[in-house]
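Below you'll find the structure, written out as structure tokens, and then a few comments.
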Amino acid sequence: MPGGPVLSGSTNVTLLLSSTANDQLSQFEIDLNSVALTSKSGKTVNLFTTSQSPEFIQVNGSAEPLLTVSVPQDVYTSATA
């Protein structure tokens, strides 16, 4: 097909937290106000816009889901936090 396949519908995207602590930090606090994906055509999709306060230290050496959202199928080339 010229131009590649036509994407339609939505797909679930899970945002994961992960960390590798080295015992020099006993606590690390961060507030994420939003995370957005930008497609190669310039369209932006917000994964969330309400403040999240994830805990990274407890996830040491593994991964833990922060949230799962449905997004339109597209080719996403960047993420902004």
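The values are calculated or read from the model by the stated rules, or taken from the named source; none is laboratory data. All of these numbers come straight from a predicted model, not from anything done at the bench. Note: accessible area is taken over every heavy atom of the protein model, side chains too, but ligands, DNA and RNA are not part of it. Shrake-Rupley method; radii C 1.70, N 1.55, O 1.52, S 1.80 Å.
Here are some notes:
- Picking from residues in region 72-81 that are assigned to a loop (DSSP other than H, G, I, E, B) and open to solvent by 70 Å² or more (accessible area, probe 1.4 Å), the one that is nearest to residue 3 (Cα to Cα) is 73.
- Filter result (part of a strand (DSSP E or B) and either small (Gly, Ala, Ser) or at pLDDT 95 or above (or both)) within region 48-67: 63
- In region 29-71, residue nearest to residue 9 (Cα to Cα) [restricted to those that are aliphatic (A, V, I, L, M) and open to solvent by 50 Å² or more (accessible area, probe 1.4 Å)]: 63
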